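Just below is one structure, and these are the notes that go with it.
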Amino acid sequence: MATAKEIVSFKDVAKIYRGRAAVTDVNITIKEGEFVCFIGTSGSGKTTTMRMINRMLEPTKGTIIFKGKNIKKYDPVKLRRTIGYVIQNNGLMPHMTIKDNITLVPKLLKWSQEKMDQKARELIKLAELPENYLDMFPAELSGGQQQRIGVVRALAADQDIILMDEPFGALDPITRDNLQDLVKHLQETLGKTIVFVTHDMDEALKLATHIVILDGGKVIQDDTPDNILQHPANNFVKNLLGEERLLQAQQDTLSVGDIMSKNPAHITLGKSLSEAIWEMSRHHVDSLLVTDDSKKLKGYIDLETINDHYAKDLSVSDIYANNLIKVRANSYLRDTSERILKQGYKYVPVVDSDNTLIGIVTRASLVNVVFDAIWGKDELENPEDANLPASITEGSEKA
Amino acid sequence: MANQPLWNQLVFYFTHNGMYLLEQFGRHFLISFYGVLLAAIVGIPLGIYMANHFHLGDFIISIANVIQTVPSLAMLSIIMLWLGLGVNTVIVTIFLYSLLPILKNTYTGMKNVDPNTIDSAKGMGMTPFQMLYMVKLPLAMSVIMSGIRTAMVVAIGNTAIGAFVGAGGLGDLIIRGTNATDGAPLILAGALPTAIMAIVTDLVIGLLQKHFEPTGYYKTEE
């Protein structure tokens, strides 16, 4: 898996039909073993782009490199035999048995009969269908079964790369799900490169390791699913992804550092208790985080403890509690929020790798995340000002 | 003889002229067959070509349609002016009449092959010729056969008229019957075998057509 080789690359490719550009300025690099989804609305040029790979369409401009060679240098017929091809309505030959269908490309390549028989049996197993289906005709199979054959047929001649043009568009959701699993499984176990055209974002996110978003014949974004979810290139991509998915993605990938309040109320070990009380009242909080002089987090001290042990000559270091949970700034919010919300902590201090206090996550900061999610980010440009006092005040209600 | 019932006269004719009748029967069939065969040889490739260059399709089919509208007797006479009396004139007439159904059905059959199937055949790396004989022709064959079937039945009927230009065949008997006094048995002796030939040919080609039907297609409908 080390450094995967490029298998297909588009260089400034354009396709123009009668003066109308179907696809322009396409620059995509597909590496071996990738599961690439071309996604876009109809008319976005996704199918056009895909069909140029096996020369079903010829680019008007630009070059496409396949395995280090310009595709124009290949004989189109021979090229197509090395590229698997699956289309929406399965494209099985209705007058041929399943076996003949599966071994169509091997037959074109003039394999021996035994080798073809063996391949057919091997592939029907991959399709998770019984072997006696080999002698049936496509019309005798259900739509989902037909498409299973369509998928494994594309593997018959050990093609390294398979093009799929909305292969599951016509199937019901449950069958589609099963077939997606099948394709993903085949791709992972056999290490094939798959170029998959779809308009279904769920499908793309489920299957792809590399997503190319097209609109109006242009590539809008070309990245991994995670990066696209985290940094959608523009509003079109955001719409395509949908609010809900973006939110989920955000929750999944937001780190504690992204939402923590900086400069939490804290006090150093050497300070006296009266200074601690003064500090609390200044910040309107009922507890303080305790650090040493180099801002390393030591523990916390709260008003109740001070009340119980108050004596003039005691300092913070004598009575602070050190049974404190803390989180690292780079840990994921989803884990932290669970702790705070389910285990009833009022706040969790945030530290960096050498235990230096750098912030705090309170219930209020979590509320802000939800608030952002519902109302959009723009309204709270500067959350820090608003958060800090309020967040720690909240704790004081319980004291 | 003439006072016998018609049926007896007919049986008498069959028993006494059996060999002659058989000869005319064979001649009649062959004239039709050759005409249709020629039409198939020309019409099927032309239809395939038309299906691939579809702007031509409508034009050629309208020409064939025009040919079809000429009454067969008129057509026969026109061709006679060119080829004179004899079998060839009839075969050419049959050819012209058979061209339309064969052409039309070939064209339709090829056009009706699911474009998805063709796309996937091409995408899997078939040459145009492989696509033709492995995909398009097998799928269009039953429609093409049905064109030949129509052509053949029509041809058998038209060949009977061919007797007017001296081509022989069962039409000969019919014409002689119409010219003779009390010629009813002669007419029947010509007409009945012609009808039987048409029916049997229709059945046989129908069976052939079934045989050529793409196997997988209709299974689920049964």
Restricting the search to the range A:153-165, which residues are crowded, with 18+ Cβ neighbours inside 10 Å, at pLDDT below 90 and away from chain B (no Cβ under 11 Å)?
A:L155
Applying the selection to the range A:87-110, what residues are out of contact with any Lys or Arg (no Cβ under 7 Å at 6 or more places or on another chain), among the β-branched types (V, I, T) and more than 8 Å from every other protein chain (Cβ to nearest Cβ)?
A:I98
Only helices (runs of 4 or more DSSP H) wholly contained in the range B:1-108 count here; list those with 1 or more residues that are closer than 28 Å to B:M145 by Cβ.
B:18-52, B:54-69, B:72-83
Can you tell me which of A:A208, A:A170 is small (G, A, S), touching a residue at least 40 places away in the same chain (Cβ under 8 Å) and under 23 Å from A:I124 (Cβ atoms)?
A:A170
Mind checking which residues of the range A:111-152 are surrounded by fewer than 20 Cβ atoms within 10 Å (Cβ to Cβ), within 14 Å of chain B (Cβ to nearest Cβ) and hydrophobic (A, V, I, L, M, F, W, C)?
A:W111, A:M136, A:A139
In the range B:129-152, anything of a type in the set (K, R) and within 13 Å of A:P94 (Cβ to Cβ) is listed as B:K136
For the range B:132-176, how many residues meet the condition of being among the small types (G, A, S), touching a residue at least 60 places away in the same chain (Cβ under 8 Å) and over 25 Å from B:Y49 (Cα atoms)?
7
Being touching a Ser or Thr at 6+ places or on another chain (Cβ under 9 Å), assigned by TED's automatic domain parsing to the domain that holds A:K184 and assigned to a helix (DSSP H, G or I), is that true of even one residue in the range A:162-169?
no
Residue under evaluation B:N179, criteria (1) without any contact (Cβ under 8 Å) to a residue 60 or more places away in the chain; (2) polar (S, T, N, Q); (3) touching a helix residue (DSSP H, G or I) at 6+ places or on another chain (Cβ under 8 Å), criterion not met
(3)
When the range A:303-330 is checked residue by residue, the ones that are modelled with pLDDT under 80, in a loop (DSSP other than H, G, I, E, B) and not basic (K, R) are A:Y310, A:A311, A:D313, A:L314, A:N322, A:N323, A:L324, A:I325, A:A329, A:N330
Every residue in the range A:97-110 that is surrounded by fewer than 21 Cβ atoms within 10 Å (Cβ to Cβ) and not in a helix (DSSP H, G or I), please.
A:T97, A:L109, A:K110
For residues that are without any contact (Cβ under 8 Å) to a residue 60 or more places away in the chain and in contact with a Pro (Cβ under 9 Å, 6 or more places away or on another chain), scanning just the range A:173-205, find the one that is farthest from the other protein chains (Cβ to nearest Cβ).
A:L205
Suppose the filter is surrounded by 19 or more Cβ atoms within 10 Å (Cβ to Cβ), under 30 Å from A:D172 (Cα atoms) and modelled with pLDDT of 85 or more; does A:T193 pass it?
yes
Residue among A:D292, A:D286 that alone is over 18 Å from A:K346 (Cα atoms) and more than 40 Å from the chain's Cα centre (by Cα):
A:D292
Out of all the residues in the range B:83-129, which are of a type in the set (A, V, I, L, M, F, W, C), farther than 30 Å from A:R51 by Cα and either within 14 Å of chain A (Cβ to nearest Cβ) or in contact (Cβ under 8 Å) with a residue 24 or more places away in the chain (or both)?
B:L85, B:V87, B:V90, B:I91, B:V92, B:I94, B:F95, B:L96, B:L99, B:L100, B:I102, B:L103
I need the strands (runs of 3 or more DSSP E) fully contained in the range A:1-78, keeping only those with at least 3 residues that are more than 14 Å from chain B (Cβ to nearest Cβ) and in contact with a helix residue (DSSP H, G or I) (Cβ under 8 Å, 6 or more places away or on another chain).
A:6-17, A:20-26, A:35-39, A:61-66
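The values are calculated or read from the model by the stated rules, or taken from the named source; none is laboratory data. This structure is a prediction, so every number in the text was calculated from the model and none was measured. Counting neighbours? That spans all protein chains shown, and the Cβs are built from the backbone with ideal geometry, glycine included.
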